[in-house]
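Take a look at the structure below.
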Amino acid sequence: MDFKEEMRLLKLHYKVFNNKELAVAMGLSEDGIKNWIRKKAIPKKHLKVLENNQNIIKNIGNNNNINANNNGVNIHGDVHINNVEQKDKELCELIKQLDDNQKDYYYHLIKADLIKKNL
C-alpha cells in the first residue's frame, strides 16, 4: 500500500476530510502530519489502526457467505454488514468520484448541517 492510500484510509478510519482534522483525531500536531507528507511515510505505530480494517477486508474477500442484515449480528461465522456500514461504504465510493472542489463544497455543506443540527 502506498503513502496516499494509507493517508486516505486513515482519514476514512477517523472519519475526517483533511490533514488538520486527522491530526486532531489522532492527537497529533499538524506539523507531525506535515512531516509524514514530506517523508511520504507514516510511522508504523499509527498504521496499526488500519491492520484490523485490512484483516476484515481480507476475511470478507475469502468468505463466500457474506450476508447483510439490519443489526449486524454475526451468526454461523458469516460476516454481516449492517445497512449503515453499507451506506458508509457507498458514500465513500461516491465521494471518490468527485473533484477536489466538489469535495470541499460537500464537506462544508455537511459540516454546516451538523452545526445547525447541534444548535
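Please treat every number below as a calculation from the coordinates, not as lab data. No experiment lies behind these values; they were computed from the predicted model shown. Neighbour counts run over all protein chains shown; Cβ positions are idealised from the backbone, glycine included.
Cross-linked pairs Lys15/Lys44; Lys4/Lys48; Lys44/Lys103: Cα-Cα separations exceed 25 Å for Lys44/Lys103.
Qualifying trypsin sites (Lys or Arg not before Pro) in the stretch 1-35, where qualification requires a DSSP coil assignment and no more than 11 other C-beta atoms within 10 Å, comprise Lys15.
Around the amide H of Ile42, modelled in the peptide plane, lies no amide H under 5 Å away from a residue 5 or more places distant or on another chain.
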